[in-house]
1. What distance in nm separates the simple spin-label points at Leu182 and Arg129, each placed 7 Å from Cα in the Cβ direction?
2. Arrange Arg213, Arg206 by Cβ neighbour counts within 10 Å, fewest through most, would you?
3. What ranking do Tyr198, Tyr118 get, fewest neighbouring Cβ atoms within 10 angstrom at the top?
Amino acid sequence: MFDRSVYLLGGLSRHALCFMPCIVMNIQSAGTTIRPMHRLKEAIMPLPIGHTAIGLAAAETIQGEPSSGSRIEQFIFITVLANLPDIDTLIGLFLQGNGDVYHRGPTHSLLFALAAGYAASHAWRLWHRIPRFGFQFCSLLIFSHVAADMLLTASPVSLIWPLESNPGTGHSGWLDVMNMVLFDSFQDIGIVFVVIAYLLLLRIVRSGRTRQRLFAVVKKWGK
Ligand SMILES: [Zn+2]
């Protein structure tokens, strides 16, 4: 899965490079009253590409090998789980015509990550093409989205819902949401590069461990 992840992320980053001038313009046009940290968080707000990249990094770290599914099916499954909490935007658009009304509410919580993770780990029973991953893997993947929103953006999530709830207070119609997903995704380029660097580092560390283990086995046999 590692090579596939780096290959896919490489493609995403090449695509995102086309938008580099827009990033500079976006940061320059940000209000002067916004604090530097707040501005940085707004500039790296993860959208679907960023959440997918973070999800792939989480999947690679956890190494939850499925017992079924092709690589593309696994990639689609990971992408869906890594972006699942943002389903609240679609629900808001369909029910109220406002993507903000439920956004960052219950689906951006620990409880949702556990419940949806459990459901996702059993989804293979419904259709044979859905890869079979464990409960822990699925929950951590969904929680990677909540953690990324919590750590990388200025708006709060509802981590311990139902004890706290922080849904959006603004208004985003269909056009606003589509515009953000299609044209603001360049903001995720920084996340994609960091994830590629992390995956390469992970590979080096793991290959080093493998070499050490092999060396220990050969040494044992040599005695
Ligand atoms: Zn989100």
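1. 2.6 nm
2. The order, fewest Cβ neighbours first, is Arg213, Arg206.
3. Tyr118, Tyr198
No value in this document is a laboratory result; all are computed from the given coordinates. Remember, it's a predicted structure, so these values are computed and weren't measured experimentally. Methodologically, a virtual Cβ is constructed for each residue, glycine included, from the backbone with ideal geometry; neighbour enumeration extends over all protein chains shown.
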